[in-house]
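J.: Dropping the structure in here first, questions after.
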Amino acid sequence: MSVPPAQPASAVAPFTQEDYRAALGQFTTGVTIVTACTPDGRLLGMTANSFNSVSLTPPLVLWSLSTQSSSMPGFRSAAHYAINVLAADQRLLAERFSRKGIDRFEGVAWRAGLTGAPVIDGAVAVFECRNRSQHEEGDHLIFVGEVAHCRRRVGAAPLVYHGGRFFTDLPM
């Protein structure tokens, strides 16, 4: 059976930004809260699902942030940050840290990690990172972190995101 030749780029049907977002939403991801402490001591935290491993040696991970985010200056200048992978029972935290105009840390159980970045109690896993490099791509800045310390909760169920919704119970 022969494979038909690929169509030239000009013959590909256009798609909208909504089409693109909807297609991306079909990829199931974990849910994280990225946290940091600015050089002047201000706490930063935001919900993100743009988290990925990069390298085992050295241990590197990445996440991205919109260049329009009000948190951008703080994350850019932070020496360290923590990526807190949320547990299934932390959906309300994910929602809280995605809101604007509130103190996201108010009433949240956390402690300073080994790098000084805030670590959220009850997370499935935590990656404490040195802010190694940053790369501008499109309308986002990609942060590459060198993992200085990590830990996990054995047996804890993760919070996942798919199709614009959180899921706390995964089908087996």
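The values are calculated or read from the model by the stated rules, or taken from the named source; none is laboratory data. As the structure is a computational prediction, the values presented were derived from the model and not from experiment. Every residue, glycine as well, gets a Cβ built from its backbone with ideal geometry; the counts of neighbours run over all protein chains shown. Side chains included, ligands, DNA and RNA excluded: accessible areas come from the protein's heavy atoms. Shrake-Rupley method; radii C 1.70, N 1.55, O 1.52, S 1.80 Å.
J.: If residue 46 passes every condition in (1) modelled with pLDDT of 95 or more; (2) not in a strand (DSSP E or B); (3) not small (Gly, Ala, Ser) but one, which one does it miss?
T.: Against the list (1) modelled with pLDDT of 95 or more; (2) not in a strand (DSSP E or B); (3) not small (Gly, Ala, Ser), residue 46 comes up short only on (2).
J.: Go through region 149-172 and count every residue that is of a type in the set (Gly, Ala, Ser) and in contact with a Gly (Cβ under 9 Å, 6 or more places away or on another chain).
T.: Qualifying residue count, region 149-172: 3.
J.: Kindly provide the set of residues from region 36-62 that are under 16 Å from residue 134 (Cα atoms) and either open to solvent by less than 30 Å² (accessible area, probe 1.4 Å) or among the hydroxyl-bearing types (Ser, Thr, Tyr) (or both), ordered by number.
T.: Within region 36-62, 36, 50, 53, 55, 60, 61 meet the criteria.
J.: Out of all the residues in region 63-93, which are touching a Lys or Arg at 6+ places or on another chain (Cβ under 9 Å) and either free of Cβ contacts under 8 Å to residues at least 24 places away in the same chain or open to solvent by 40 Å² or more (accessible area, probe 1.4 Å) (or both)?
T.: 70, 79, 80
J.: Suppose the filter is open to solvent by less than 80 Å² (accessible area, probe 1.4 Å), under 30 Å from residue 58 (Cα atoms), in contact with a helix residue (DSSP H, G or I) (Cβ under 8 Å, 6 or more places away or on another chain) and at pLDDT below 95; does residue 123 pass it?
T.: Considered against the rule, which asks whether it is open to solvent by less than 80 Å² (accessible area, probe 1.4 Å), under 30 Å from residue 58 (Cα atoms), in contact with a helix residue (DSSP H, G or I) (Cβ under 8 Å, 6 or more places away or on another chain) and at pLDDT below 95, residue 123 comes out as no.
J.: Name every residue in region 33-64 that is hydroxyl-bearing (Ser, Thr, Tyr), in contact with a helix residue (DSSP H, G or I) (Cβ under 8 Å, 6 or more places away or on another chain) and within 22 Å of residue 137 (Cβ to Cβ), in order of residue number.
T.: Hit for region 33-64 is 47, nothing else.
J.: Kindly evaluate residue 96 against the criterion of being at negative phi and open to solvent by 70 Å² or more (accessible area, probe 1.4 Å).
T.: Here the answer is no, as residue 96 does not meet what is asked.
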